[in-house]
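Q: Please find one structure pasted underneath; my questions will follow.
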Amino acid sequence: MNILRKIYLHLATEPTLTKQLVEKEVLAIVYETVQLGAHFLEKHEGGKGVLLGGVPGVSPAKAVIIGGGIVGTNAAKMAVGAGADVTILDTNVDRLRQLDDQFAGRLKTSLSTAFNISADLLIGAVLIPGARAPRLVTESMVQEMPKGSVIIDVAVDQGGSIETIDRITTHSEPVYEKRGVLHYAVANIP
């Protein structure tokens, strides 16, 4: 019997559990990252005051996702589904081709460079299994982002990939402002 249950998983530091879920053919869908970004983009939450999907006459928010792996791909699915203008950055051209095919032109793909991270919502989704996440976004890059933008670093509990995330936050106080940008740094978001 197939049973659908709503549970929250953070498997980055749980390789044994991950292996067991794969062996049991568990289907898991991640959605909280993009929803949090959309929430904190709201003006009354300290964000820019833009809607992820826009509305007639108003452009959708720009979402940039660094990393085209499992987390980045699922974040892209949610952001594209919400109507955002989505770009995935990665260093692997073959992976970018796969993503371009998978999303059939509904998002942009680009080689990861310092010149293309400016966004309303930036999601750091870089993970190197067994190693610290590489610092890819510098403080000067964050300073170039529009005021009121939101950064979520999914790899914060593996050292983080955003230089301006200098502390872990909690669900009771999930964001702080630095350089005019809201930083969401909750370790183990689920």
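The values are calculated or read from the model by the stated rules, or taken from the named source; none is laboratory data. Remember, predicted model here, so these are calculated numbers, not experimental data. Positions of Cβ are backbone-derived with ideal geometry, glycine not excepted, and every protein chain shown enters the neighbour counts. For the accessible areas, the whole protein counts, side chains as well, though only heavy atoms, and no ligand, DNA or RNA atoms are used. Shrake-Rupley method; radii C 1.70, N 1.55, O 1.52, S 1.80 Å.
Q: So between R97 and V55, what do we pick up on full extension, going 0.36 nm a residue minus the alpha carbon distance?
A: So the chain would gain 12.1 nm between R97 and V55.
Q: Here is a follow-up. Rank G160, L127, Q35 by how far each Cα sits towards the positive end of the charge dipole of the chain (+1 on Lys, Arg Cβ; -1 on Asp, Glu Cβ) and give me just the farthest.
A: Toward the positive end, the furthest listed residue is Q35.
Q: Taking the Cα centre of the chain as origin and charging only Cβ (+1 Lys, Arg; -1 Asp, Glu), how large is the dipole, in debye to the nearest 20?
A: 180 debye
Q: Please compute the modelled spin-label separation between Q35 and Y176, points set 7 Å along Cα→Cβ, answer in nm with one decimal.
A: 2.6 nm
Q: Determine, for the chain, the count of lysine pairs separated by eight or more sequence positions (or lying on different chains) whose alpha-carbon distance falls under 21 Å.
A: Close lysine pairs under the 21 Å cut-off: 15.
Q: Could you work out what % of the accessible surface of the chain is carbon and sulfur, using a 1.4 angstrom probe and leaving DNA, RNA and ligands out of the count?
A: The computed percentage sits at 55.
Q: Apply the Karplus parameterisation 6.51 cos²θ - 1.76 cosθ + 1.60, with θ equal to phi minus 60°, to every residue of the range 159-166 and state each ³J(HN,Hα) to the nearest whole Hz, in sequence, with x for glycine and proline.
A: x, x, 10, 10, 4, 7, 8, 10
Q: Over the range 74-190, what is the mean sequence separation of C-alpha contacts under 8 Å (at least six apart), divided by residue count, expressed as relative contact order in percent?
A: Over the range 74-190, the number comes to 20 percent.
Q: Take peptides 54-62, 36-44, 138-146, 152-160 and line them up by average Cβ neighbours within 10 Å, highest first, as a rough protection proxy.
A: Answer by packing, highest mean first, reads 152-160, 36-44, 138-146, 54-62.
Q: For the chain, with every protein chain kept in place, what is the accessible area per residue (1.4 Å probe, Å²)?
A: Ligands and nucleic acids excluded, the result is 56 Å² per residue.
Q: Where Lys and Arg each count +1 and Asp and Glu each count -1, what net charge lies around G49 among other residues with Cβ under 15 Å from its Cβ?
A: Surrounding charge for G49 is 0.
Q: Another one. Run the quick spin-label model on E23 and Q143: label points 7 Å from Cα toward the beta carbon, then report their separation in nm to one decimal.
A: Each label point is offset 7 Å from its Cα along the Cβ direction, giving 5.1 nm.
Q: Assuming a ≥ b ≥ c are the square roots of the Cα gyration tensor eigenvalues, decide whether the chain counts as rounded (a/c under 1.5), prolate (otherwise, with a/b larger than b/c) or oblate.
A: Rounded is the answer for the chain, as its axis ratio a/c remains below 1.5.
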